[in-house]
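Take a look at the structure below.
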Amino acid sequence: MIFLDVILLLIVIGSLIGIQIFSNKLRSATTKARQLAIVSETSDLPSVSVIIPAYNEAANIRDCVSSVLKSSDLPGEKLEVWVVDDQSTDETLAISQSISDSRVKVLAGQPRPANETWMGKNWACAQVVSQTRGDFLLFLDADVRLKRGAIETALLTAETEQVDLLTFWMTIVCGCFAEWLAQPIITSLFSVGFDFEEVNDPKSETVFAVGPFMLFRRQAYDRIGGHVAVASKIVEDVELGRRIKQNGLKIWYGLGHDLAEVRMYQSTAALWEGWTKNWYVGVDRNLQAILYIAFVTFLVFAVPWIGVTIALAKILLLPFNWLDLGTLFVTLVAIALQYNLYCLSQKFSNISPRNWWLAGIGGLFVSAIAIASIIKTETGWGWTWRGRSLVGVRSEE
């Protein structure tokens, strides 16, 4: 019994050390992140085509397009907004066509070509590019809401710094319980896992891109082959970023909380489907890497709460043991440090730390997402996106 008590104490001490290491890395990552701040400059900016691929986005599409139009003072000759309906089965197309603004154009997407593999939004994006006229192409997800001046700020930054792809983390909005469990933890893992300086360094092989907001210089987009070149890729945003760097072009990757916000998932089911769809693929099917991520998540977020539960139960129900008291003390310190970790994570995701006390359940949930992502990807069981099966592309990814 004493042996098991010692093991438990050592585990929670390891968790405490893990939290401190993780916090230090998160602090370093957010300190190095470049921040975009809204500017008012609108003169002599290049033209831009905003492209919004939409599949069953009836709940989002009107608000998304409205936010784009309200965000910018660019005239019609410099701003056009394309909504591409990707064969939706809901009212997405009808809602899009009802938007009355000369800057808005709607394309009813065609069925995907037979005997070709087109994943996610790649087919929708590829169909519309040839019809656009902007010097820049801004690909937005339908769940993004731009803020006033966002487009001008992004364009000015891209022009000033001669950027070929500008992408950033925006404010992450949490609504349902599952989002509060998962999103703060997952975004903190991304912050630590993809160093901002390395992604922005053209000599580094580290690459990342944030799919909800990707602003391409048209010449660069054409040079890398655009969405046609990544047709079969599930995590197409990262692959497009990789091709930018491979072609000697420049990425700007940072934070843009003042420019936009996004609620990535509207429900527990959507969140589960979304993250299990692409996480394992996103780490290039590196089994060791994703198992390590699951382990770190469990150690840093879940273990302190499991430890404090066990320690309290033993103190209340069993004869007094100094080891139990030591375990309780260490776990309480670890839990206190988790609050600081959530505050650091806020600098990356702009998610309020007010629900930090959900860290224990969140750690279990996110660890389960990572494991499920392996199982789904390798077996094809339940591997879908918005109800569309992804089975049959595993050999191509």
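The values are calculated or read from the model by the stated rules, or taken from the named source; none is laboratory data. Note that the structure is a prediction, hence the values are computed from the model and not measured. Counting neighbours? That spans all protein chains shown, and the Cβs are built from the backbone with ideal geometry, glycine included. Please note that ligands, DNA and RNA were not included when accessible areas were found on the heavy atoms of the full protein model with its side chains. Shrake-Rupley method; radii C 1.70, N 1.55, O 1.52, S 1.80 Å.
Miscellaneous remarks
- Elements of type strands (runs of 3 or more DSSP E) in segment 126-170, at least 1 residues being over 20 Å from Val230 (Cβ atoms) and not hydrophobic (A, V, I, L, M, F, W, C): 144-146
- So Glu198, is it farther than 21 Å from Ser49 by Cβ, under 20 Å from the mean Cα position of the chain (by Cα) and either free of Cβ contacts under 8 Å to residues at least 24 places away in the same chain or assigned to a loop (DSSP other than H, G, I, E, B) (or both): yes
- Those residues of segment 243-285 which are out of contact with any Pro (no Cβ under 7 Å at 6 or more places or on another chain), farther than 16 Å from Leu189 by Cβ, part of a loop (DSSP other than H, G, I, E, B) and touching a residue at least 60 places away in the same chain (Cβ under 8 Å), in sequence order: Leu249, Gly256, His257, Asp258, Leu259, Arg263, Tyr265, Gln266, Ser267, Arg285
- Within segment 144-179, considering residues that are touching a Lys or Arg at 6+ places or on another chain (Cβ under 8 Å), surrounded by 20 or more Cβ atoms within 10 Å (Cβ to Cβ) and acidic (Asp, Glu), the one nearest to Cys125 (Cα to Cα): Asp164
- When Arg354 is tested against (1) under 20 Å from Arg27 (Cα atoms); (2) open to solvent by 30 Å² or more (accessible area, probe 1.4 Å); (3) modelled with pLDDT under 95, just one condition goes unmet, and that condition is (3).
- Single condition Gly120 does not satisfy, out of (1) buried (at least 21 other Cβ atoms within 10 Å of the Cβ); (2) more than 24 Å from Val39 (Cβ to Cβ); (3) modelled with pLDDT of 95 or more: (3)
- Scanning segment 39-63 for residues being more than 23 Å from Gly226 (Cα to Cα), hydrophobic (A, V, I, L, M, F, W, C) and under 23 Å from the mean Cα position of the chain (by Cα) gives a total of 3.
- Under the condition of being touching a residue at least 60 places away in the same chain (Cβ under 8 Å) and either open to solvent by 10 Å² or more (accessible area, probe 1.4 Å) or not in a loop (DSSP other than H, G, I, E, B) (or both), the residues counted in segment 211-230 number 11.
- Hits in segment 80-95 - residues which are more than 20 Å from Arg133 (Cα to Cα) and not hydrophobic (A, V, I, L, M, F, W, C): Asp86, Gln87, Ser88, Thr89, Asp90, Glu91, Thr92
- Contact annotation: residue pairs with Cβ atoms under 8 Å, 6 or more positions apart or on different chains, pairing a residue in segment 337-365 that is in contact (Cβ under 8 Å) with a residue 60 or more places away in the chain with a partner that is assigned to a helix (DSSP H, G or I) and basic (Lys, Arg), are Leu344/Arg27.
- Selection status of Asp135, closer than 29 Å to Lys105 by Cβ, among the charged types (D, E, K, R) and buried (at least 21 other Cβ atoms within 10 Å of the Cβ): no
- Selection of segment 338-350 for residues being within 14 Å of the chain's Cα centre (by Cα) and open to solvent by 10 Å² or more (accessible area, probe 1.4 Å) yields only Asn350.
- Of the set (1) open to solvent by less than 10 Å² (accessible area, probe 1.4 Å); (2) within 30 Å of Asn355 (Cα to Cα), all apply to Asp141 but (1).
- Residues in segment 288-302 that are under 13 Å from Ala359 (Cβ atoms) and open to solvent by less than 10 Å² (accessible area, probe 1.4 Å): 4 in all.
- Here Ser191 clears all of (1) over 21 Å from Ile51 (Cα atoms); (2) among the hydroxyl-bearing types (Ser, Thr, Tyr); (3) without any contact (Cβ under 8 Å) to a residue 12 or more places away in the chain except the condition numbered (3).
- Criterion: among the aliphatic types (A, V, I, L, M) and under 14 Å from the mean Cα position of the chain (by Cα) - qualifying residue of Val300, Val235, Val308: Val235
- Hits in segment 247-287 - residues which are within 17 Å of Gly363 (Cβ to Cβ) and either open to solvent by 30 Å² or more (accessible area, probe 1.4 Å) or of a type outside the set (A, V, I, L, M) (or both): Thr268, Trp272, Trp275, Thr276, Trp279
- Segment 47-57 - residue that is of a type outside the set (Val, Ile, Thr) and touching a strand residue (DSSP E or B) at 6+ places or on another chain (Cβ under 6 Å) and, of those, farthest from Met214 (Cα to Cα): Ala54
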